[in-house]
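> One structure is given below, represented as structure tokens, and several questions about it will come after.
No value in this document is a laboratory result; all are computed from the given coordinates. Just so it is clear, the model here is predicted, and its values are computed rather than measured. Backbone-built Cβ (ideal geometry, glycine too); neighbour counts: all protein chains shown.
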Amino acid sequence: MSVRTDFATVEVPNDSRVQKNENNMEREKKRLLHYLRQERKRGGDEEFGRRIKTIRKLSQFSHGQSNPTYKLLVEMTDGTLKSYVLRKKPGGNILSSAHAVEREFQVQLALKRKHPNFPVPRMILLCEDSSILGTPFYIMDFVQGTIYLQPKLPVITREERKTRIYENMAKTLGALHSFDIRELGLTSFGNISSGSYSRRTLKRWFGQYEKSITNKLVETPEKEVVMKLVAWLDANCPKDGEEVSDRIIHGDYRLDNLIYDERSDDVLAVLDWELSTVGCPHADVAYNCLPYYLPPGLEFYPSFGDSNQVPAGVPTEKQYCNIWAQNARLPNICGSSKWKFYVALSMFRGMAILAGVRARAVAGNASSRNARQAGSLVEVFAKRAYVVVVQGGASKVPRQEIKGGYEPSEKCMMLLEKLRAFMSEHVYDAEEVFERHATTNERWSLHPLMEELKKKAKAKGLWNLWLPLDSAALIKITNARGNDEALYKGPGLTNLEYAHLAREMGKVPWASEIFNCSAPDTGNMEVLLRYGTKEQQERWLLPLLMGDIRSCFAMTEPAVASSDATNIESSIAKSTNGTQYVVNGRKWWTSGACDPRCAIAIFMGKTKTAGPQHEQQSMVLVPMLNNHKVKVVRPLLVFGYDDAPHGHAEVIFDNVVVDVKESLLAREGAGFAIAQGRLGPGRLHHCMRLVGMAERSLDVTYARVKSRVAFGKPLSENSNVLNVLGNCRVEVDGARLLTLYAAHVLDQLGIKDSRARSAVAACKISAPNVACSVIDRCIQLFGGEGVSQDSPLARLYAGARTLRIADGPDEVHLETVAKIDLRRSKL
Ligand SMILES: Cc1cc2nc3c(=O)[nH]c(=O)nc-3n(C[C@H](O)[C@H](O)[C@H](O)COP(=O)(O)OP(=O)(O)OC[C@H]3O[C@@H](n4cnc5c(N)ncnc54)[C@H](O)[C@@H]3O)c2cc1C
């Protein structure tokens, strides 16, 4: 459908673009006339007001959702009738920074002055005084021509005309993007200094969206998918300097914002500059290409249906972008992964705009009677964005989310999406690098990539995810020395929320370290949180939380059965004056002690040799860096893996002297109790990762059995292979649900409650056993490659197998479960 815009001189009574509400405007007309005549107006045409005799009509266009726009018909002093357009801010409570008609006026004025051939209407005047029409407004020339509302151009029959209309649209946008903002005098038109355009846009529109849903009356069925989309955008957002961002962009450049000359098909005017700013031209043209992506039937964002239904004569998206690129003198990135980001961002922005319209409709101050309808499209828009762009295809139907139970919360889902994107972008690709490093003589030194990845994870807020709110509340640090509190306190997840993230990290053996979520540091940090003094926390906990140092936990001894912690024999003897301890003992399986960053050990030993058995042990802090009294004897091997540079060391503590006040944790005799508490959430973290390890093994095996052909058919077509895989799935899901349940119970009751202890012990048995058995079967299906360094399975198996022993052997946990049950059965 096209709309002729020549009703200024010839009355078009049934034109749907003009609402017949002139009668209501008498008062406004009078005030406006008085204002226009009164004085010279700054900017635009200074003489304009003096030439006006009277205002004949002021009638609102129905087109244009956000800033009410009016046709202004005036009689000049020489008796001629002239048409203008008046555009104003809407009334009521509007979001700050939105509807800036002053900016619309400024950008069009600059464009007309510097590039007279660029099609914008001539600006007449700007009035920032709200007493005239209730809000600021501006007046511009009325441009006669045709507006095409439907991208399919159903009213145009000749294909070459459709081509021309699209070519001219692309050329005009390209020309806009070729202009120099300095020459236009518009360098301060956008907030260029604060990060990349895309980051700013994401932040701004997410902020607008959030504000738009604060009113409880606004229904938000789209919220979950919006959160996922935002997480995806955040994870894929170009960084500073990675995008062109110093051009004037229109912000809402669509076919129905252009006025065409019906004879030449030239663009006569580009309208609606409300969203214009200084920004990224690729984002602008991606927004312009949304009709290639949106579903049919959206009244406010009409489309082709999808890119396969582009009508004859209309260029394909790629051809269209080529024309734009030639005129903008910029590269055409259509089809690239960056392009996908800009399309997603555009859809998100469109969704946020619609959400704003919806909010105004609910608040009762929308500028259009169609605002309510626009609001109902918010969900359609958000889902389409997610399906088309994030999932990568219009044909895919979004998987229905399972709600309730132990499914991730919204907050967790956002982080999970971010984490998954991070893992795909950085972690899986780095596996080979670290594996190779682990086979060189340099392996006991740190690969620089690890610190690089940690920095990236921090920047994404994927840091200290393990730290629950109740633990973070125990931070006593006041001297944070410029460290970012939001970073070291983490996002404050529950154990249940963290379980979903840990599962993802578990898929790559060393991935948790990137996010400061790895053992034994997490367990040690938990100890410092619960039992450390303010000074101990400032000295050791803060750098651990920031990932600047690492730590180890020295409990297990080669000489005694250490699954029974009361057996620990190392000694922590007090000096005669009572101010120092002398620490002696031979430990082994002290994980992390070989790491060059390992600065602190939590050492367990006896401060007493008599009295109740559970009260004899204590824990003290022993500095590790340059401590010549601490000797790392050797790294132990796990099935031949030394896990460098972390390592599991045999260590001798030989008359190490430490200060009592600085080193003692909690009190003398609390060692056993601390050891029990330390391993509550810590054990669970291992279980969560084990589920991820099993799932990763299955993932690589699925791909393998589908492609590996033996005896004339893919392995996956053998019923016994299906049998194996089916059983694996059942077992992994069982272990996963048990782990989530344990996390949930731990969140609800705390580790002191026997139900939580039983649940944690149960999954400490289930998770490593299931992981071992599943990985073993995956190795079998892989054949020889499964036990080699060419698949991740061998290392995953080694890691999973040790976890049936580390943190206590299966038998001890089985005993715990059974004893608690037996106690309960007596009741
Ligand atoms: C890779 C790895 C990393 C580790 N990291 C650390 C670390 O950082 N810090 C640290 O201090 N320790 C660490 N450990 C040590 C681990 O915690 C101990 O190995 C574990 O507690 C078992 O102690 P143990 O080896 O002395 O075995 P023992 O106590 O000698 O037990 C041997 C076996 O006896 C059986 N058993 C024990 N108790 C019972 C029972 N009640 N009923 C029936 N059977 C039983 C079990 O089969 C058990 O496996 C790590 C171990 C490994 C393998």
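> How far apart, in nm, are the 7 Å Cα→Cβ label points at Val155 and Ala561?
About 9.0 nm separates the two model spin labels.
> Can you sort Ile568, Ile805, Ile477 by how many other beta carbons sit within 10 Å, fewest first?
Ile805, Ile477, Ile568
> Here's a follow-up. Using the per-residue mean of other Cβ atoms lying within 10 Å as a proxy for protection, in what order, highest first, do the peptides 694-701, 557-564 fall?
The peptides rank, most packed first, as 694-701, 557-564.
> Still on this model: Taking the chain as the reference, fit the longest principal axis to its C-alpha atoms, fit the long axis of helix 159-178 to the helix C-alpha atoms, and give the angle between the two in degrees, 0 to 90, nearest 10.
So the helix axis and the longest Cα principal axis differ by about 70 degrees.
> Which value, in debye to the nearest 20, describes the size of the charge dipole of the chain about its Cα centre when Lys and Arg Cβ atoms bear +1, Asp and Glu Cβ atoms bear -1, and nothing else is charged?
1560 debye
> Considering every Cα-Cα pair within segment 631-790, what fraction, in whole percent, is farther apart than 21 Å?
Counting pairs separated by more than 21 Å, the tail of P(r) holds 63 percent.
> Calculate the FRET efficiency for Phe118 and Tyr406 from the Cβ-Cβ distance with a Förster distance of 35 Å, rounded to the nearest 0.05.
0.05
> Near the amide H of Trp589, under 5 Å away, which other amide H atoms are found, from residues 5 or more places off or on another chain, if H is placed in the peptide plane?
For Trp589, the qualifying residues are Ala649, Glu650.
> For segment 131-136, just list the computed ³J(HN,Hα) in residue order, Karplus coefficients 6.51, -1.76 and 1.60, θ = phi - 60°, integers in Hz, with x standing in for Gly and Pro.
Result, ordered by residue: 6, 7, 10, x, 8, x Hz.
> To test your reading of the geometry: what angle, between 0 and 90 degrees and rounded to tens, separates the Cα axis of helix 754-782 from the longest principal axis of the chain?
The answer is roughly 80 degrees.
> Take the chain, drop everything but the C-alpha atoms, weight them equally and run the Debye formula without solvent; then report log10 I(q)/I(0) at 0.04, 0.07 Å⁻¹ to two decimals.
-0.26, -0.68
> Mind checking the full-extension length gain between Asp753 and Thr478? Use 0.36 nm per residue of separation minus the Cα-Cα distance, one decimal, nm.
Stretched fully, the Asp753-Thr478 segment lengthens by 95.8 nm.
> Show the residues, 5+ positions off or on another chain, whose built amide H is closer than 5 Å to the amide H of Leu268.
Ile259, Tyr260, Asp261
> If you take the C-alpha gyration tensor of segment 555-706, multiply each eigenvalue by 5 and take the square root, what semi-axes do you get, largest first, in whole Å?
Over the Cα atoms of segment 555-706, the ellipsoid semi-axes are 34, 18, 13 Å.
> With the contact rule set at Cα under 8 Å and sequence spacing of 6 or more, what percent relative contact order holds for segment 507-589?
So the answer I get is 22 percent.
> Sorted by average packing, counted as other Cβ atoms within 10 angstrom per residue and highest first, what order do 623-630, 756-763 take?
Packing proxy ranking, top to bottom: 756-763, 623-630.
> Taking 8 Å as the Cα distance limit and 6 or more residues as the minimum spacing, I'd like the relative contact order of the chain as a percentage.
Relative CO of the chain lands at 8 percent.
> Would you mind checking Lys455/Lys629; Lys383/Lys456; Lys338/Lys456; Lys112/Lys318 for any pair whose Cα atoms are more than 27 angstrom apart?
Pairs exceeding the cut-off: Lys455/Lys629; Lys383/Lys456; Lys112/Lys318.
> Once both axes come from the Cα atoms, what is the angle between helix 671-707 and the longest principal axis of the chain, in degrees from 0 to 90, rounded to 10?
Around 60 degrees separate the two axes.
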